[in-house]
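For reference, the structure discussed in these notes is given below.
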Amino acid sequence: MVHIIEVERFAATEPAVVYALLRDGAGWPTWSPLGSFELERQGEAEREGVGAIRVFRTWPVRSRERIVELVPDRRLAYVLESGLPIQDYRAQVDLEPRDGGTVIRWRSTFSARVPLLGRLVHTMLDRFILRLVAGLAAAAEARSTPRSMGGQGR
């Protein structure tokens, strides 16, 4: 059985700001429930590019994630190499400009190695990803420069 988790949230800032936060693995622990970050392997063409393996720790879990797709200011996708009792995990974070801000869509799919654990892992990941996306949106908005109201100067 394939499990699907989809979380959507609006951030009142440009996609480039959200994308920059996603690309910087070392910053994830500052805006998410993740405890620490380590870059195990650099990407093929750039430090945290496609092929990079990023390791995140949140006691007692150590997850290894490989970046598989990057579309500047639009998408980051990764697969789980190890760390959870699931298989075929893929997460895709899409950024869509809308109404002067960004719609963040985080979609994760996976299968359970042990079918009875699938529902439990789904529930835990759903809650975790909700916190990730909320933290990402809040951090992006905090990093964004203030805009003038109604197109008028300050």
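The values are calculated or read from the model by the stated rules, or taken from the named source; none is laboratory data. Bear in mind that the values here come from a model prediction, so they are computed numbers and not experimental data. Neighbour counts run over all protein chains shown; Cβ positions are idealised from the backbone, glycine included. Heavy atoms of the whole protein, side chains included, go into the accessibility calculation; ligands, DNA and RNA do not. Shrake-Rupley method; radii C 1.70, N 1.55, O 1.52, S 1.80 Å.
Can you give the accessible area of Arg47 in Å² (nearest 10), computed on protein heavy atoms with a 1.4 Å probe?
130
Could you tell me how many degrees, from 0 to 90 and to the nearest 10, lie between the Cα long axis of helix 115-143 and the main elongation axis, the longest principal axis, of the Cα atoms of the chain?
Approximately 20 degrees, to the nearest ten.
If you put +1 on each Lys and Arg Cβ and -1 on each Asp and Glu Cβ, how big is the dipole of the range 1-144 around its Cα centre, in Debye rounded to 20? Before the final figure, lay out each step's value.
Numbers: 20 positive and 19 negative charges, 95 e Å.
About 460 debye.
Name the longest site-free stretch of the chain, where the excluded sites are GluC sites (Glu not before Pro) in a DSSP loop with no more than 13 other beta-carbon atoms within 10 Å.
47-154
Amide H neighbours of Ile86 under 5 Å, at least 5 residues apart or on other chains, H built in the peptide plane: list them.
Here Arg113 satisfy the definition.
Choose one answer from Leu22, Leu132, Leu116: the residue with the largest mean-square fluctuation in a GNM of the chain with alpha-carbon springs under 10 Å.
Leu116
Once Lys and Arg get +1 and Asp and Glu get -1 on their Cβ, which of Ala45, Thr13, Ser32 lies farthest toward the positive end of the dipole of the range 1-65?
So the residue furthest toward the plus end is Ser32.
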